[in-house]
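The values are calculated or read from the model by the stated rules, or taken from the named source; none is laboratory data. All values derive from a computational prediction rather than experimental measurement. Glycine also receives a Cβ, built like all others from the backbone with ideal geometry; neighbour counts cover every protein chain displayed.
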Amino acid sequence: MPIPRLGTLKIFSRAAQGFHIFFTLAGLWAVLAMAAWLAIRAGLLPSPDGNLPTAWIHGHEMLFGFTAAAAAGFMLTATPVWSRTPALTGPPLQGIAVAWLLGRAGMIFPHLLPPWWSALADALFFLGFLAFISPTLWATGNRVHRIFPILLGLFAAGDLLFHLETLFGFPTARAGLGLGGNAILFFLVMTGGHIMPMFTREALKARGVDLAFPISPALEILGAVTMFLLVLADLFLPDHPLVAWSCLAAGLVQVVRFLRWHGHKTLHDPLLWVLHLGYFWLVAGLLLRGFARLTGSHDDVSVRHALYVGAMGLFTLGIMSRISLLHTGRPAVAPRAATMAFLTVASAAVIRVFLFSGHPTLATWLAGGLWIVAYALFCAAFLPILTAPDPARPAG
């Protein structure tokens, strides 16, 4: 099937679904926001807000800009499939996307737009997004589905805490970034347990390999409880050793969970191994952060990048790639550019966390440059697909 030229379909048309719009925005913002961050560090661009550290602005836009767009694209696409209800399209979807765009404009041009602009736009984005998925997921009767709106609500609360400092000077921005990051990690834990065994089982069955993927309700509950304890500890006792022990407890539970998914048998399929590699980074990042907090072996910022670049970066790439292919009627075969993007983000995570420990500026530049290359490759491979006319819709 020939790939249409970029722009032959307007992603804001009535036919566009959540993944069309938000995966396009997420891919572009991943490149632009990182490039802007590096330009600010180099002194080529002024800081968007002199009242907050530039690193916090960077963190906000990677979490509540890029990651939020990817999460919206995933949930607005998966929710109708899980609930067997029509997908959100047309003006309501367009309105949510416009709110997201206005939020980014408010963060980029604070000297042109009032401080409340970005806060209000972000609030409208989250309210519109959650208003669609929450009642639908609750109606499915699946307890796992019902936790997703709660976690994304916590994510939105993190954004609110950040904006409370920009608006009123409350010292809550750091807590908001931590809450937002932990909420998304919790979201990945629940999403991974929901979809990765299914994806892996189906792919292995197609190759004639039939393996058991046992689900332990006790293990699933323990995983959720330990992640919730981490969220609470990091929010209310950010400097207490309880954060370290919560990380270690959550990481150990996820090790057991992860080993039951037969990830070592997915090396033939980049769309599968990227998810397993992303989840490996989540497990490793939780354990590393716990040990680092107890021993001082790594600074907390570097360790968090194991979770943000490694886990979130890879998992997001994998999910966006898979959905973009399957939900436009294409086979689940990763384009070469996508595979290169997966490897590039993995390299960026290793560099940012482990290499050049004595030269953090060099590590930041190298990792940031690799991130830009990776998501530029994603855009090159998938924006023509996401903007193609009349994509086929998946059955069911």
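State the number of residues belonging to the range 130-152 that are of a type outside the set (A, V, I, L, M), touching a residue at least 24 places away in the same chain (Cβ under 8 Å) and closer than 25 Å to Gly223 by Cβ. First the steps, then the outcome.
Filtering the range 130-152 for residues of a type outside the set (A, V, I, L, M) gives 132, 134-136, 138, 140-143, 145-146, 148-149.
Then drop every residue that is not touching a residue at least 24 places away in the same chain (Cβ under 8 Å), which leaves 132, 136, 140, 142, 145, 148.
Keeping just the survivors that are closer than 25 Å to Gly223 by Cβ gives 136, 140, 142, 145, 148.
Residues that pass the stated criteria total 5.
Quick one: which helices (runs of 4 or more DSSP H) lie wholly within the range 265-381 and hold at least 2 residues that are hydroxyl-bearing (Ser, Thr, Tyr) and out of contact with any Asp or Glu (no Cβ under 7 Å at 6 or more places or on another chain)?
270-295, 314-326, 336-353
Looking at Phe170 and the list (1) more than 18 Å from the chain's Cα centre (by Cα); (2) within 20 Å of Met320 (Cα to Cα), which single condition is not satisfied?
Failed condition: (2).
Here's the yes/no breakdown for (1) buried (at least 20 other Cβ atoms within 10 Å of the Cβ); (2) modelled with pLDDT of 95 or more:
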site	(1), (2)
Gly153	no, yes
His163	yes, yes
Ala173	yes, yes
Asn182	yes, yes
Met198	no, no
Glu202	no, no
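Answer yes or no as to whether Leu167 is crowded, with 19+ Cβ neighbours inside 10 Å and part of a helix (DSSP H, G or I). Give the steps one after another, and end with the answer.
Details: crowded, with 19+ Cβ neighbours inside 10 Å: no; part of a helix (DSSP H, G or I): yes.
No: the conditions fail for Leu167.
Among the candidates Phe109, Phe74, single out the residue that is among the aromatic types (Phe, Trp, Tyr) and crowded, with 17+ Cβ neighbours inside 10 Å. Working first, answer last.
On the way: Phe109 fails: crowded, with 17+ Cβ neighbours inside 10 Å.
So the residue among Phe109, Phe74 that is among the aromatic types (Phe, Trp, Tyr) and crowded, with 17+ Cβ neighbours inside 10 Å is Phe74.
Among the residues that make up the range 14-37, is at least one of them outside any helix (DSSP H, G or I) and either under 22 Å from Val301 (Cβ atoms) or at pLDDT 95 or above (or both)?
In the first step, residues of the range 14-37 are kept if they are outside any helix (DSSP H, G or I); the result is 14-17.
Adding the requirement that they be either under 22 Å from Val301 (Cβ atoms) or at pLDDT 95 or above (or both) leaves none.
No.
How about the range 40-109: which helices (runs of 4 or more DSSP H) wholly inside it have at least 1 residues that are over 22 Å from the mean Cα position of the chain (by Cα)? Explain how you work it out, then say what you get.
Numbers: elements: 54-60, 68-83, 90-108.
Ranges flagged: 68-83, 90-108.
So Pro217 fits all but one of (1) more than 26 Å from Arg143 (Cβ to Cβ); (2) loosely packed, with under 13 Cβ neighbours inside 10 Å; what number is the exception?
(1)
Just one of Ala349, Ala367, Ala363 is touching a residue at least 12 places away in the same chain (Cβ under 8 Å), out of contact with any strand residue (DSSP E or B) (no Cβ under 6 Å at 6 or more places or on another chain) and closer than 16 Å to Leu277 by Cβ; which is it?
On the way: Ala367 fails: closer than 16 Å to Leu277 by Cβ; Ala363 fails: closer than 16 Å to Leu277 by Cβ.
Step by step, each of Ala349, Ala367, Ala363 is checked, and only Ala349 is touching a residue at least 12 places away in the same chain (Cβ under 8 Å), out of contact with any strand residue (DSSP E or B) (no Cβ under 6 Å at 6 or more places or on another chain) and closer than 16 Å to Leu277 by Cβ.
Can you name the condition, by its number, that Pro360 falls short on among (1) out of contact with any helix residue (DSSP H, G or I) (no Cβ under 9 Å at 6 or more places or on another chain); (2) more than 22 Å from Asp269 (Cβ to Cβ)?
(1)
Need pairs with beta-carbon distance below 6 Å; first residue more than 13 Å from Ala68 (Cα to Cα) and in contact (Cβ under 8 Å) with a residue 60 or more places away in the chain and within the range 15-35, second small (Gly, Ala, Ser) and not in a helix (DSSP H, G or I); sequence gap 6+ or separate chains.
Filtered contacts from the range 15-35: Gln17/Ala87.
Output the number of residues of the range 284-302 satisfying the condition of being surrounded by fewer than 23 Cβ atoms within 10 Å (Cβ to Cβ) and either in contact with a Lys or Arg (Cβ under 9 Å, 6 or more places away or on another chain) or among the small types (Gly, Ala, Ser) (or both).
Within the range 284-302, residues that are surrounded by fewer than 23 Cβ atoms within 10 Å (Cβ to Cβ) and either in contact with a Lys or Arg (Cβ under 9 Å, 6 or more places away or on another chain) or among the small types (Gly, Ala, Ser) (or both) number 7.
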